[in-house]
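> Let me give you the structure first, and then I'll get to my questions.
No lab work stands behind these numbers, since they all come straight from the coordinates. These figures come from a predicted structure and were not determined experimentally. Cβ placement follows ideal geometry from the backbone for every residue including glycine, while neighbour counts extend to all protein chains displayed.
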Amino acid sequence: MRPRPRGVRTTVLAAALTLALAAPLAAAQAQNPPAGAADTAELPHQYEVSGVTTAAARTALAATGAAIDEVHGRAAVVTADRRQLALVRALGHSVRRLPDPPGFAAGTGVTPGVKGFPSGYTKYHTYEQANQAIDALIAKYPSLLTKTVIGKSHEGRDIIALKLSRNAAKDEAEPEVLFTAHQHAREHLTVEMALYLLTEFTGKYGSDPRVTKLLDSREIWIVPDLNPDGGTYDIATGSFRNWRKNRQPNTGSTAVGTDLNRNWEYKWGCCGGSSGSPSAETYRGPAAASSPEVRAVEKFVRSRVVGGKQQITAAIDFHTYSELVMWPYGFTNNPTAPGMTQDDHDAFAAVGRSMAESNGYTPEQSSELYITDGSIDDWLWGDQKIFAYTFEMYPSSSGAGGFYPKDTVIPRETARNREAVLRLLENADCMYRSIGKEGTYCKGK
């Protein structure tokens, strides 16, 4: 997730800042006991960090490997384990630990026979329950919905892509739109968002003129769970673990997991927007696309190049939380860069602002607050020229539930994005129409 903007653009860390972090890192690692002890110290927690008032301070905070979850006033909320926490304190900040999620796991081991959401969250779908719901929809609407296994997670779970269209079994010459969810394990509301879209579009086809027209003229792809291992681990004890990454071991380290949204093959590790430390919340992995989950989706997206042309024209990657609509680039503060013209940027912004107007989110370029590199949106645009957005869903702050809002919000907060999704689908045949330049870019479409 990314924090709520405060109208300040980030600056890249100076070399002196990198050197300043090096000594505390070594000291923190020396003071820490060996990783792997089955206690809550090995699980990440949320902290409020005071005195984070400038773009440089936020970038320095991100450089510790902690994940910045939100920004408010003169403070930031981060997720960090004790290693990153030591580095945060070494920067001179005071920190206050925030309450853990309800039923926070008491240890790192899996409790046999207890695998699911705790009380107050049981309407969320586990990986198995989501697949059962999807299979039921396919059985009910076989002409509208098909399923393809596009890869396996590290632990062997299927990564699936669902296709929604009037003739789903047939590859037609229609604009394609991609929706992905659940890159980060604890962001369970995003799976519900994917299930909402599947249910809404299949159920309303033939009765809702707008939905019907779009399924008649678009091919919609939904990847409902990009990180099934991490999501399963997060709830495996029947409590929450506040887990972000996947569950892929790291050679030479007891720390587990890669941040999937720092592992994509565009500007990977280029610009100080991810961490090279396996214990970090924003660990980018040992190489670009080193995680099987990212490789599966990249391979699938490349497979949609037909006759030398990418058929997917637009995309949304769903996250929580902060209520934001974001677009590339994340690796640079500049609105334009190689591969991003002014017209490209303007079209991104116009459609992004239109979607944000419909759901009440805040629209911004992804790098508005601090740099990220190796993200899905940067890869989708920079490598494939797909107009890709990130939605940070409900809530706006940790005080309203953070990564774990109660299941009572699911219907309201998924339906809240219906209009935004429809607007993207309607623009998908020519995104430049949003800036009045369809004649320049979309002739013959």
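> Over segment 197-262, what is the relative contact order in whole percent, taking alpha-carbon pairs under 8 Å and six or more residues apart?
Rounded, it is 16 percent for segment 197-262.
> Pop out the Kirkwood hydrodynamic radius of segment 171-259 from its pairwise C-alpha distances, inverse of mean 1/r, in Å to one decimal.
After inverting the mean inverse Cα-Cα distance, the result is 15.1 Å.
> Along its principal axes, what span do the Cα atoms of segment 264-419 show, with the longest given first and each in whole Å?
43, 39, 30
> How many percent of all Cα-Cα pairs in the chain sit more than 42 Å apart?
Result: 11 percent of Cα pairs exceed 42 Å.
> Considering the dipole of the chain built from charges on the beta carbon (Lys and Arg +1, Asp and Glu -1) around the Cα centre, which of His182, Thr258, Leu226 is farthest to its positive end?
Thr258
> What's the ranking of 120-130, 147-157, 363-373 by average number of surrounding C-beta atoms within 10 Å, highest first?
363-373, 120-130, 147-157
> Quick one: dipole size for the chain, taken about the Cα centre, charges +1 on Lys/Arg Cβ and -1 on Asp/Glu Cβ, in debye to the nearest 20.
Using only the charged Cβ atoms, the result is roughly 160 debye.
> Another question, if that's okay. Let me have the 222 nm mean residue ellipticity of the chain computed from DSSP H runs of 4+ only, each contributing -39500 (n - 2.57), with the sum over all residues rounded to the nearest 500.
For the chain, the value works out to -9500 deg cm²/dmol.
> When only Cα pairs under 8 Å and 6 or more residues apart are kept, what is the percent relative contact order across the chain?
The value is 18 percent.
> Continuing with this model, one more query. Shape of segment 347-393 from its Cα gyration tensor (a ≥ b ≥ c, root eigenvalues): rounded if a/c is under 1.5, otherwise prolate when a/b > b/c, or oblate?
Oblate is the answer for segment 347-393, as a/c is 1.5 or above yet b/c matches or exceeds a/b.
> Also, quick follow-up: Let me make sure I get this right: for segment 210-298, a, b and c are the square roots of the gyration tensor eigenvalues over alpha carbons, sorted descending. Under 1.5 in a/c it's rounded, otherwise prolate if a/b > b/c, else oblate. Which is it?
Oblate, since a/c reaches 1.5 and b/c is not below a/b.
> Which order do peptides 375-387, 268-280, 330-342, 218-230 fall in by mean Cβ count within 10 Å, highest first?
For the peptides 375-387, 268-280, 330-342, 218-230, the packing ranking is 218-230, 375-387, 268-280, 330-342.
> While we're looking at this one, here's another question. For the chain, set up a GNM with springs between Cα atoms under 10 Å and report which of Ala66, Ala181, Ala75 has the largest fluctuation.
Of Ala66, Ala181, Ala75, the most mobile in the Gaussian network model is Ala75.
> So, with +1 on the Cβ of K and R and -1 on the Cβ of D and E, and no other charges, what is the size of the charge dipole of segment 119-177 about its Cα centre, to the nearest 20 debye?
Here segment 119-177 has a charge dipole of around 180 debye.
> Let me ask something else about it. What ranking of Met431, Met326 emerges when the number of other C-beta atoms within 10 Å of each C-beta is taken as an exposure proxy, fewest first?
Fewest to most other Cβ atoms nearby, the residues stand as Met431, Met326.
> Say the dipole of segment 294-411 comes from +1 at the beta carbon of Lys and Arg and -1 at that of Asp and Glu; which of Thr313, Tyr389, Ile410 then lies farthest toward its positive end?
Farthest towards the positive end: Thr313.
> If you bin every alpha carbon distance in segment 44-179 into 10 Å steps from zero, what whole percent lands in each bin?
Over segment 44-179, the share of Cα pairs per 10 Å bin runs 10, 25, 20, 23, 18, 4 percent.
> Another one. Please give the Cα centre distance for segment 400-416 versus segment 292-341, rounded to the nearest Å.
25 Å
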